[in-house]
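Engineer: Handing you this structure, nothing more for now.
The values are calculated or read from the model by the stated rules, or taken from the named source; none is laboratory data. Because the structure is a prediction, the values reported are computed rather than measured. Positions of Cβ are backbone-derived with ideal geometry, glycine not excepted, and every protein chain shown enters the neighbour counts. Ligands, DNA and RNA are excluded from the accessible area calculation, which covers all protein heavy atoms including side chains. Shrake-Rupley method; radii C 1.70, N 1.55, O 1.52, S 1.80 Å.
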Amino acid sequence: MKVLKFGGTSVGSAQNIKNVASLVMERGRNIVVLSAMAGVTNTLVEIADYLTKGNVPGAQETTNNLELRYRQTIDELFSHDASAAAEALKRVSKNFDLIRYSFNRSFSSADEREILAQGELMSTALMDLYLRSLGVKSVVLPALEYMRTLEGGEPDMNYIDMRINRMIESEPSAEIFITEGYICRNDKGEVDNLRRGGSDYTASIIGAVIEAREVQIWTDIDGMHNNDPRFVEGTKPVSVLHFEEAAELAYFGAKILHPSCVLPAKLHDIPVRLLNTMQPDAPGTLICNIPPTHTIKAVAAKDNITAIKIKSGRMLLAYGFLHKVFEIFDTYHTSIDMIATSEVGVTVTIDNDRYLANIVDDLKRFGTVTVDSDMVIICVVGDLEWHNCGFEAAAVEALRDIPVRMISYGGSNYNISMLVRREDKVEALKRLSERLFREKAI
């Protein structure tokens with residue numbers, strides 16, 4: 001059995017839902033994980049925001065417009081079956097009744113999480129009804145009945161394993177299983193969500209606990225490309241990536257995949273394949289545990305980076321200096337991307353400047369602090385173990401005429417990271433493609 005996940009764009013219209021239905025019917029008895037229709041989660045966030053601010057009329061108008069979208073989708077999707085259309089309208093109306101229930105009472109964070117869950121619940125209902133209208137025995141695996149997180153937000157793998165496998169075993173005649181991505185219950189039993197990677201994370205967790213043959217992530221892109229096609233011409237999908245390479249690319253800017261979502265699959269050695277709903281025959285990108293390939297695979301860029309430099313003569317041989325510095329970032333729940341140290345200072349980068357002023361203020365106790373904003377991390381990913389001579393030189397040589405603020409190499413066997421100015425990003429990506437993929441890299 002495989003796990004097939006489809007994102008919001010893939011189920012973003014009646015025609016797209018029909019396309020996905022045809023696609024999954026051709027592939028046999030699998031588990032299909034669905035996101036909310038494209039744009040729906042953002043609209044639900046907007047509704048929750050109106051209610052948080054006490055603007056009930058704003059929430060009402062936005063809700064009415066969203067319901068109209070679903071009614072139009074249902075009319076088109078079930079034009080062949082009036083009874084299925086009526087059932088779809090009935091189911092979706094219950095979801096909107098739940099949203100409207102929050103209009104006339106005190107609004108809480110638990111209410112917000114429940115509203116945000118409605119997008120996935122409606123996607124699953126529509127797909128299930130559509131498949132049934134075509135004569136397919138579709139069975140819904142309600143995510144809220146098996147997907148649970150522990151107190152710290154991590155998935156309760158033992159609980160998920162026990163519950164979902166029992167549900168699958170109880171439906172031996174099912175032809176296709178449908179379930180919701182993203183949503184879950186937390187350790188208090190409240191409706192919640194997985195946040196990190198959303199539906200991709202759901203698919204990876206399910207793949208791990210059912211020991212799937214493969215987890216497939218279907219999007220509107222034909223795999224993970226070797227550079228950003230928005231800025232660089234002639235990019236190509238990477239055919240095979242190691243789990244670590246995929247995680248590095250995802251973390252440093254390849255939006256097709258969230259870095260944490262492959263972890264359950266990686267730990268259980270379940271291959272993950274990235275495929276294109278619009279081009280289902282394209283091979284896409286396979287992510288798995290592969291032996292070293294001695295090649296550079298791809299380049300990605302992460303925007304909105306801030307570099308912070310702490311210079312202090314007292315740092316020389318000072319025991320505990322770095323611990324004190326990192327403790328400040330920990331206090332403000334701010335992650336560090338890159339690190340460079342010298343005898344008299346340390347420079348780090350962050351991608352969240354929410355607490356920048358507080359961090360800088362606290363760091364001034366240890367030395368002179370300077371900040372460079374509007375920076376970009378350019379990440380080169382591949383088999384970059386230190387004994388593979390020349391790979392790091394090729395990457396640096398490509399940027400010989402571009403000012404590089406920092407370089408991080410050796411912390412990972414799969415990544416070289418270089419910090420450049422925002423205005424140099426596109427040129428840096430182009431030069432790396434030219435040097436690494438269109439010329440001989442070594």
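Engineer: Within segment 360-382, track down each residue that is open to solvent by 10 Å² or more (accessible area, probe 1.4 Å) and either in a strand (DSSP E or B) or closer than 23 Å to residue 430 by Cβ (or both). Working first, answer last.
Structural biologist: Looking only at segment 360-382, we keep the residues that are open to solvent by 10 Å² or more (accessible area, probe 1.4 Å), and these are 360-362, 364-375.
Matches in segment 360-382: 368, 369, 370, 371, 372, 373, 374, 375.
Engineer: Return only the number of the condition from (1) modelled with pLDDT under 90; (2) open to solvent by less than 10 Å² (accessible area, probe 1.4 Å); (3) among the small types (Gly, Ala, Ser) that residue 181 does not satisfy.
Structural biologist: The number of the failed condition is (1).
Quick grid of which residues meet (1) within 25 Å of the chain's Cα centre (by Cα); (2) assigned to a strand (DSSP E or B); (3) under 22 Å from residue 305 (Cβ atoms):
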position	(1), (2), (3)
389	no, no, no
394	no, no, no
404	no, no, yes
407	no, yes, yes
412	yes, no, yes
417	yes, yes, yes
423	no, no, yes
429	yes, no, yes
435	no, no, no
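Engineer: Got a number for residues in segment 96-111 being in contact with an Asp or Glu (Cβ under 9 Å, 6 or more places away or on another chain) and within 26 Å of residue 9 (Cα to Cα)?
Structural biologist: Qualifying residue count, segment 96-111: 3.
Engineer: Which fully enclosed strands (runs of 3 or more DSSP E) of segment 247-359 have 2 or more residues being crowded, with 18+ Cβ neighbours inside 10 Å?
Structural biologist: Details: elements: 272-276, 285-288, 296-311, 339-341, 345-350.
Where strands (runs of 3 or more DSSP E) fall fully within segment 247-359 and carry at least 2 residues being crowded, with 18+ Cβ neighbours inside 10 Å, they are 272-276, 285-288, 296-311, 345-350.
Engineer: Residues that are assigned to a strand (DSSP E or B), aliphatic (A, V, I, L, M) and touching a residue at least 60 places away in the same chain (Cβ under 8 Å): does segment 174-181 have at least one? Spell out how you get there, then give the answer.
Structural biologist: Residues of segment 174-181 assigned to a strand (DSSP E or B): 176-180.
Subset that is aliphatic (A, V, I, L, M): 176, 178.
Checking which are touching a residue at least 60 places away in the same chain (Cβ under 8 Å) leaves us with 176, 178.
Yes - at least one qualifying residue is present in segment 174-181.
Engineer: OK, next. Output the qualifying pairs, or none if there are none: Cβ atoms under 6 angstrom, residues six or more apart or on different chains, first residue in segment 409-425 and in contact (Cβ under 8 Å) with a residue 12 or more places away in the chain and open to solvent by less than 20 Å² (accessible area, probe 1.4 Å), second residue in a loop (DSSP other than H, G, I, E, B) and basic (Lys, Arg).
Structural biologist: 419/405
Engineer: Still on this model: Looking only at helices (runs of 4 or more DSSP H) that lie completely in segment 68-168, which have at least 3 residues being in contact with a strand residue (DSSP E or B) (Cβ under 7 Å, 6 or more places away or on another chain) and open to solvent by less than 40 Å² (accessible area, probe 1.4 Å)?
Structural biologist: On the way: elements: 82-101, 109-116, 118-133.
Helices (runs of 4 or more DSSP H) meeting the threshold: 118-133.
Engineer: Considering segment 375-388 alone, what residues qualify as being out of contact with any strand residue (DSSP E or B) (no Cβ under 7 Å at 6 or more places or on another chain) and modelled with pLDDT of 90 or more?
Structural biologist: Result: no residue meets the conditions.
Engineer: Is it true that residue 30 is closer than 23 Å to residue 111 by Cβ and modelled with pLDDT of 95 or more?
Structural biologist: Criteria not met by residue 30.
Engineer: While we're on this one: Name the single residue that is nearest to residue 126 (Cα to Cα) among those in segment 193-215 being in contact with a Lys or Arg (Cβ under 6 Å, 6 or more places away or on another chain), surrounded by fewer than 24 Cβ atoms within 10 Å (Cβ to Cβ) and not hydrophobic (A, V, I, L, M, F, W, C).
Structural biologist: Among residues in segment 193-215 that are in contact with a Lys or Arg (Cβ under 6 Å, 6 or more places away or on another chain), surrounded by fewer than 24 Cβ atoms within 10 Å (Cβ to Cβ) and not hydrophobic (A, V, I, L, M, F, W, C), the one nearest to residue 126 (Cα to Cα) is 214.
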